[in-house]
1. Can you name every residue in the stretch 61-114 that is among the acidic types (Asp, Glu) and touching a Leu at 6+ places or on another chain (Cβ under 8 Å)?
2. State all residues of the stretch 82-92 that are more than 14 Å from Val27 (Cα to Cα) and either exposed (fewer than 14 other Cβ atoms within 10 Å of the Cβ) or in contact with a Lys or Arg (Cβ under 6 Å, 6 or more places away or on another chain) (or both); if no residue qualifies, say none.
3. Report the residue count in the stretch 15-39 for those that are surrounded by fewer than 14 Cβ atoms within 10 Å (Cβ to Cβ), closer than 18 Å to Thr75 by Cβ and touching a residue at least 24 places away in the same chain (Cβ under 8 Å).
4. Thr75: surrounded by 10 or more Cβ atoms within 10 Å (Cβ to Cβ), assigned by TED's automatic domain parsing to the domain that holds Ser9 and β-branched (Val, Ile, Thr), yes or no?
5. List the helices (runs of 4 or more DSSP H) that sit entirely inside the stretch 32-137 and contain at least 3 residues that are farther than 22 Å from Leu19 by Cβ.
6. Being under 15 Å from the mean Cα position of the chain (by Cα) and in the same structural domain as Ala130 (by TED's automatic domain parsing) is true for just one of Thr16, Thr105. Which residue is that?
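The values are calculated or read from the model by the stated rules, or taken from the named source; none is laboratory data. Treat the numbers as computed from the prediction; the structure is a model and nothing was measured. Methodologically, a virtual Cβ is constructed for each residue, glycine included, from the backbone with ideal geometry; neighbour enumeration extends over all protein chains shown.
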Amino acid sequence: MWFVFALLSAIFAALTSILAKVGIDGVNSNLATAIRTVVVVVMAWFMVFLTHAQSGIAEISKKSWIFLILSGLATGASWLCYYKALQMGEASKVVPIDKLSVVITLILAFIFLHEEFTAKSLIGCILIGAGTLVMVL
């Protein structure tokens, strides 16, 4: 089931890029990011209440709070940079560079999470990196 959700995530991310490129025309990139963020916050809290998950807030550990907040800050920084890049550049070039996050994630997961880095992972990283270069040049 994780594969279905991952694939849906990729589809929605692609739609996000196209819809954002059209919507950001003539709009300050920071303002556009703020509008998008409000929509995401409302949607996320709607899902929390729809699934009755709000009772779990009290059970979140201090460590989890810290890392979730740091993750949120990283997401915000990513979105601000992404929208600025999207406003300044072509979606067909901005998006592949943004997707280098796959390669960076694999490297960071190996270093900090001690996840296995296999020959398959290495080949995949090289191909993604090479593919990104081909797309943006």
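1. First, the residues of the stretch 61-114 that are among the acidic types (Asp, Glu): 90, 98.
Scanning the stretch 61-114 gives no hits.
2. Matches in the stretch 82-92: Glu90, Ala91, Ser92.
3. Final tally of qualifying residues: 1.
4. Numbers: surrounded by 10 or more Cβ atoms within 10 Å (Cβ to Cβ): yes; assigned by TED's automatic domain parsing to the domain that holds Ser9: yes; β-branched (Val, Ile, Thr): yes.
Yes.
5. On the way: elements: 62-88, 91-98, 101-112, 119-136.
In the stretch 32-137, 62-88, 101-112, 119-136 are the helices (runs of 4 or more DSSP H) which contain 3 or more residues that are farther than 22 Å from Leu19 by Cβ.
6. Details: Thr16 fails: in the same structural domain as Ala130 (by TED's automatic domain parsing).
Matching residue, one of Thr16, Thr105: Thr105.
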